[in-house]
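Beneath this line is the structure, given in structure tokens, with notes to follow.
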Amino acid sequence: GENVEQHPSTLSVQEGDSAVIKCTYSDSASNYFPWYKQELGKRPQLIIDIRSNVGEKKDQRIAVTLNKTAKHFSLHITETQPEDSAVYFCAASKTNTDKLIFGTGTRLQVFP
Amino acid sequence: DAMVIQNPRYQVTQFGKPVTLSCSQTLNHNVMYWYQQKSSQAPKLLFHYYDKDFNNEADTPDNFQSRRPNTSFCFLDIRSPGLGDAAMYLCATSVQGGGTEAFFGQGTRLTVV
């Protein structure tokens with residue numbers, strides 16, 4: 001089955017700096033890659049996603065890149081703000097199954 | 001408006017005493033998931049329903065069962081909770097499973113005493 005690895009497990013940045021979180025997946029058939037943000041004690045919420053027919057997607061300060069050949073995808077947050085502090089999870093799934101498999105999570109801390 | 005609703009938010013149960021967690025959705029999504037999330041870990045898929053079809057993960061203990069009586073509701077039954085079952089339980093839905101966004105409920109934090 002699918003296995004998703006995520007690095008780093010913790011990331012501390014200064015406000016205004018960029019943050020990059022990387023994930024690798026094992027199943028080459030996976031074709032949907034969402035990123036979720038989970039604030040302390042709250043539900044995971046989708047912040048951006050990418051499908052395998054696209055190499056990059058951007059939404060304001062957040063971007064995701066996908067390298068299908070290498071089976072890895074990354075989340076890029078620019079101009080970080082303290083409210084970006086949370087745990088971020090990548091995930092992978094494919095359209096012929098119902099499963100959404102999560103990476104191990106990255107705790108991002110943005111210091112003012 | 002809450003779209004995926006979990007009750008209760010906090011549940012305390014005794015060791016070995018059966019407990020049921022509930023989830024309801026107003027999205028009319030086909031797929032409902034139950035995840036277990038322990039502190040500082042990723043959500044771990046326990047099982048999911050595509051409509052009425054039940055799909056169990058291979059490593060989900062037999063102690064965990066689920067029911068989906070209709071499209072809107074899904075229940076997680078823990079037959080004999082152990083201390084190791086203390087966790088946040090997250091319900092999620094998606095319109096058709098793989099390749100579509102999952103919407104999460106607020107979770108139920110289960111404490112076993």
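Set the bar at 29 Å for Cα to Cα. Now go through A:Lys42/A:Lys68; A:Lys22/A:Lys94; A:Lys68/B:Lys52; A:Lys58/B:Lys52; A:Lys58/B:Lys38; A:Lys57/B:Lys38 and name every pair that lies beyond it.
A:Lys42/A:Lys68; A:Lys68/B:Lys52; A:Lys58/B:Lys52; A:Lys58/B:Lys38; A:Lys57/B:Lys38
Evaluate the charge dipole of chain A about its Cα centre and quote only its size in Debye, nearest 20, assuming +1 on the Cβ of each Lys and Arg and -1 on the Cβ of each Asp and Glu.
That gives a dipole near 300 debye.
Once Rh for chain B is found with the Kirkwood sum over Cα pairs, what is the Stokes-Einstein diffusion coefficient at 4 °C and 1.567 mPa s, in µm²/s?
93
Tell me which of B:Trp34, B:Gly16, B:Tyr50 sits at the most positive position along the dipole axis of segment B:1-89, charges placed on C-beta atoms (Lys, Arg +1; Asp, Glu -1).
B:Gly16
With an 8 Å cut-off on Cα pairs and a minimum separation of 6 or more residues, tell me the relative contact order of chain B in percent.
It rounds to 38 percent for chain B.
Within a 10 angstrom radius of each residue's Cβ in B:10-17, how many Cβ atoms of other chains show up on average? Whole number is fine.
Rounded to a whole number, the mean comes out at 0.
Mind checking the mean number of beta-carbon atoms from other chains within 10 Å of the Cβ atoms in B:93-99?
Mean shielding by partner chains, rounded to a whole number: 6.
Sequence gap at least 6, Cα distance under 8 Å: using those rules, report the relative contact order of chain A to the nearest whole percent.
This gives 37 percent for chain A.
In chain A, with Lys and Arg counted as +1 and Asp and Glu as -1 at Cβ, which of these residues, A:Tyr88, A:Leu108, A:Ala70, has the Cα nearest the positive end of the dipole, that is, farthest along it?
Checked the options; the winner is A:Ala70.
I'd like the mean, over residues of A:88-95, of how many other protein chain beta carbons sit within 10 Å of each residue's own Cβ.
Rounded to a whole number, the mean comes out at 3.
If you count, for each residue, the other Cβ atoms within 10 Å and average over each peptide, how do B:71-81, B:96-106 line up from highest to lowest?
The packing order, highest mean first, is B:96-106, B:71-81.
Report the label-to-label distance for A:Glu56 and B:Asn28 in nanometres (one decimal), using points 7 Å from each Cα along the Cα→Cβ vector.
Using points 7 Å along Cα→Cβ, the separation is 3.9 nm.
For all pairs of alpha-carbon atoms in the protein assembly as shown, what percent lies in each bin of width 10 Å, listed from the first bin to the last filled one?
Percent of pairs per bin, in order: 8, 33, 35, 19, 5, 0.
Given Cβ point charges of +1 (Lys, Arg) and -1 (Asp, Glu) and nothing else, what value in debye, to the nearest 20, does the dipole of chain B about its Cα centre take?
Around 320 debye, computed over chain B.
Throughout, read-outs are computed from the coordinates displayed, never taken from laboratory work. None of these values were measured; they are calculated from a predicted model. So basically every Cβ, Gly included, is an ideal-geometry build from the backbone, and we count neighbours across all protein chains shown.
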